[in-house]
Amino acid sequence: MRQHLQYTDNGKLRHFLSIEGLKKETLQQILSTADKFTQFGQRDIKKLPLLRGHTVVNLFFENSSRTRTTFEIAAKRLSADVINLNPGTSSTSKGETLLDTVNILEAMHTDLFVIRHAKSGVAELIARHVPDHVHIINAGDGQHAHPTQAMLDMFTIRQYKSTFNELRVAIVGDILHSRVARSQIHALNTLGVHEIRVVAPNSLLPSQIERLGVHAYNDLQQGLEGVDVVMMLRLQKERMQNAYIPSEQEYFNLYGLTTESLAAAAEDAIIMHPGPINRGLEISSVVADGPRSVILPQVTNGIAVRMAVMAMVLGGEGNG
Amino acid sequence: MAELMNIHIQGGRVIDPANNIDRVEDLYVANGNIIASGDAPDGFTADKIIDATNQIVCPGLVDLSARMREPGQEYKATLKSECAAAIAGGITTSCCPPDTTPIIDTPAMANMLTHRGREIGLTHILPLGALTNALGGKTLSDMHALHRAGCVAFSNANHAITNTMVMRRAMEYASSFDLLLILHANDPWLSDNGCMHEGEISTRLGLAGIPEAAETVIVARDLALIEQTGVRAHFARLSSARSVDLIVQARKRGLKVTADVAIHHLHLTEYDVSDFNTLCRVIPPLRSERDRDHLRTAVEQGDIQAICSDHQPHERDAKLAAFSEAEPGISGLETLLPLGLKLVHEGVMDLNTLVTRLSSGPAALLGIKAGSLSAGCLADICIFDPHEEWLLDSAKLLSKGHNTPFKHWPLKGRVNTTLLAGNIVYSRV
């Protein structure tokens, strides 16, 4: 069902909504296409004419300057016309107005919508209601999926590690509320890593998370033992109010990534974080800014990966 | 009301669980009542003969929960549209939860609803009175007066009574007059902002889950209070196996508690939500396959005494939203019997058991005179063909709510004729 929604009848990537349901070859194509675009990014003139004449609308019902900016840069480097819209969430939480917004923009001949929304499933809802020639890229929906983030993470891992097959990866933090973690888990599993661990207190682990193909750890030291990649998650400060965890101090003491806790990981382990970082809450500055941190390369890679996804969805690029 | 005809229902297989009858025989209706079965009474001449050969003749169905949306939400449906849908589904008695606008917490509201029901004259409308004023969970409604105005039972609809002392007093008070309470087991703290069963699928979809404990915690709490107060109580719309177990244990200890389940909980599970299908957003949520199978067994064995439609018609936009924002509920009047028959065809239960759970079972727990084909009873009768195969087309539902996840399901069995108090109120042919 979900696979069906993301591909056209002849197997071309039509929408990019969630990693779940995508074929391994598609993920590999995104990575290799992004490789090519990375090389362009290092040139003086960074524009490619691939999407000239196409209109891309960044429809961000939920605010995000970082993700929106990288999508905007990605679209502009491909020569698309880009419009940024931030309709807010309050007036469009009902389906009628949500789809109305999309219909109106579609009537203006939009080719691609990049959609972020605070509710899970909105990208899929819209994808079900647009005509065949309109494409949707999910830029984060509720706690469900953030597939371009996961792909830029995969791209970054591949820059530092030779193969996915032997990797042990730990995802640490608020798994329960994280769309990033869910997409990372699907991407890592599809690409065939050796082991995925999630590390958090049980109050931040969703029900039956093991069914997604991960091992759950409550203890950070055990969870990090021998891992090659550490993927940290942002902890929202309001989690304290809702009794998910007792306090910032206790959380940092138990789950904060520090030089000491990192000692359990493999010597060449890389540290990732989707940002924005809470320094001193989930990660110490020493680690975040340290030699094993690849947090800034992640941001840079976001552009090439988003270019790749846009090109594949809109054009013939890399589809087969 | 139009002049009542003498009706001869000929050659059908009569299933009347209240009288342990399951045989081919004729029924005779006069003056709105069933007057005899088998041979025609002396001097009976039929104005109308209904040929029921190869069909089932059973009591009109008794539905413990149907939201008709009137008054207050006529943009979703009206009493008239939904009564027409009910009889097309063979339902002749519909209990209406009190969460209308205004709420049914005054005798005037109860009177208004029963009056409107009679005026329409298609199905018996039985209001459920609000257990607390404005469903606020704080002060008790005038239960006795509401009962006299026609409320057959008392419910706080889906509004939780979080104050256990209020719940205890409500039970004590209701027990003084032998009034029936219909309880919805849901702990709002545990449900929080959840919109589906907490489990693998909610984790995959990133949707806030409603844990099973949101139901079992309150079932356990209320059973303790029922045991202490001795009130007559009924648990509505159970969704989990463990709730059923708690109730079975309580019944073994001698508590007179009953329970029902919505028909969709006997067919669907959390997996049906997998593609954010808002048509499958219901309260309580669809749970695991294990829960569904356990509920099926409980219905078959009589640990659950009734199956209801839990009918909740919606306008299109109500479901055209993000899953968590979509309004919960399924338009269920016209699929209650066919989906029940699906259980029979699948071998989950026999036809007699199904008819019991849809008619005499709910009538008995409500303590109303319905769900029986005894001579002298009101002629509320459902005649259906158990073999007719058809595909559900949601656009063709008589209900104004076309929100059904069962569209395109192959169904077997369909109502042909419905009688209400001796009137042929529905006839498909």
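Just to be sure, is B:Gly136 surrounded by 18 or more Cβ atoms within 10 Å (Cβ to Cβ) and modelled with pLDDT of 95 or more?
When the stated conditions are applied, B:Gly136 does not pass them.
Report those strands (runs of 3 or more DSSP E) wholly inside segment B:22-125 carrying at least 2 residues which are within 17 Å of the chain's Cα centre (by Cα).
Hits in segment B:22-125: B:56-59, B:61-63, B:91-96.
Quick one: A:Ala34 ticks every box in (1) in contact with a strand residue (DSSP E or B) (Cβ under 7 Å, 6 or more places away or on another chain); (2) surrounded by 21 or more Cβ atoms within 10 Å (Cβ to Cβ) except a single one, so which number is it?
Single failed check for A:Ala34: (1).
Does A:Tyr251 fit the bill of being in the same structural domain as A:Met154 (by TED's automatic domain parsing) and surrounded by fewer than 21 Cβ atoms within 10 Å (Cβ to Cβ)?
Considered against the rule, which asks whether it is in the same structural domain as A:Met154 (by TED's automatic domain parsing) and surrounded by fewer than 21 Cβ atoms within 10 Å (Cβ to Cβ), A:Tyr251 comes out as no.
Looking only at segment A:126-136, decide whether some residue is within 18 Å of the chain's Cα centre (by Cα), under 28 Å from A:Pro291 (Cα atoms) and not charged (D, E, K, R).
No: segment A:126-136 contains no residue that is within 18 Å of the chain's Cα centre (by Cα), under 28 Å from A:Pro291 (Cα atoms) and not charged (D, E, K, R).
Need pairs with beta-carbon distance below 6 Å; first residue free of Cβ contacts under 8 Å to residues at least 40 places away in the same chain and within segment B:20-34, second among the hydrophobic types (A, V, I, L, M, F, W, C) and crowded, with 16+ Cβ neighbours inside 10 Å; sequence gap 6+ or separate chains.
From residues that are free of Cβ contacts under 8 Å to residues at least 40 places away in the same chain, the pairs are B:Glu25/B:Val14; B:Tyr28/B:Ile35; B:Tyr28/B:Ala36.
Restricting the search to segment B:280-294, which residues are within 14 Å of another protein chain (Cβ to nearest Cβ), of a type outside the set (D, E, K, R) and surrounded by 22 or more Cβ atoms within 10 Å (Cβ to Cβ)?
B:Cys280, B:Pro285
Residue by residue, here is whether (1) touching a helix residue (DSSP H, G or I) at 6+ places or on another chain (Cβ under 7 Å); (2) more than 14 Å from chain B (Cβ to nearest Cβ); (3) closer than 19 Å to B:Leu205 by Cβ holds:
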residue: A:Gly121; (1), (2), (3): yes, no, yes
residue: A:Val134; (1), (2), (3): yes, yes, no
residue: A:Ala139; (1), (2), (3): yes, yes, yes
residue: A:Gly142; (1), (2), (3): yes, no, yes
residue: A:Ala145; (1), (2), (3): yes, no, yes
residue: A:Thr148; (1), (2), (3): yes, yes, yes
residue: A:Met151; (1), (2), (3): yes, yes, no
residue: A:Phe155; (1), (2), (3): yes, yes, no
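When segment A:157-186 is examined, which residues are found to be aliphatic (A, V, I, L, M) and either farther than 20 Å from A:Val305 by Cα or more than 14 Å from every other protein chain (Cβ to nearest Cβ) (or both)? Walk me through it before giving the result.
Filtering segment A:157-186 for residues aliphatic (A, V, I, L, M) gives A:157, A:167, A:169-172, A:175-176, A:180-181, A:185.
Of everything in segment A:157-186, those that are aliphatic (A, V, I, L, M) and either farther than 20 Å from A:Val305 by Cα or more than 14 Å from every other protein chain (Cβ to nearest Cβ) (or both) turn out to be A:Ile157, A:Leu167, A:Val169, A:Ala170, A:Ile171, A:Val172, A:Ile175, A:Leu176.
I'm told B:Asn193 meets every condition in (1) assigned to a loop (DSSP other than H, G, I, E, B); (2) at the interface with another protein chain (Cβ under 10 Å from one of its Cβ atoms) except one. Can you identify the failing condition by its number?
For B:Asn193, the exception is condition (2).
Checking the condition surrounded by 19 or more Cβ atoms within 10 Å (Cβ to Cβ) and either within 28 Å of B:Asn33 (Cβ to Cβ) or of a type in the set (Gly, Ala, Ser) (or both), which residue from B:Gly340, B:Gly376 passes?
Exactly one residue qualifies, and that residue is B:Gly340.
Yes or no, residue by residue, for (1) more than 21 Å from B:Gly340 (Cα to Cα); (2) within 14 Å of chain A (Cβ to nearest Cβ); (3) surrounded by 24 or more Cβ atoms within 10 Å (Cβ to Cβ); (4) over 22 Å from the mean Cα position of the chain (by Cα):
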position: B:Thr216; (1), (2), (3), (4): yes, no, no, no
position: B:Gln249; (1), (2), (3), (4): yes, no, no, yes
position: B:Lys252; (1), (2), (3), (4): yes, no, no, yes
position: B:Asp275; (1), (2), (3), (4): yes, yes, no, yes
position: B:Arg296; (1), (2), (3), (4): no, no, no, no
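Any residue that is within 14 Å of another protein chain (Cβ to nearest Cβ), under 30 Å from A:Ala145 (Cβ atoms) and touching an Asp or Glu at 6+ places or on another chain (Cβ under 6 Å) - is there at least one of those in segment B:324-340?
Checking segment B:324-340: not a single residue is within 14 Å of another protein chain (Cβ to nearest Cβ), under 30 Å from A:Ala145 (Cβ atoms) and touching an Asp or Glu at 6+ places or on another chain (Cβ under 6 Å).
Search segment B:247-272 for residues being assigned to a strand (DSSP E or B) and not acidic (Asp, Glu), and hand back the single one that is nearest to B:Gln312 (Cα to Cα).
The selected residue is B:Ala262.
The values are calculated or read from the model by the stated rules, or taken from the named source; none is laboratory data. Everything numeric here is computed off the predicted structure, so don't read it as measured data. Ideal geometry is used to build each Cβ from the backbone, glycine not excepted, and the neighbour counts take in all protein chains shown.
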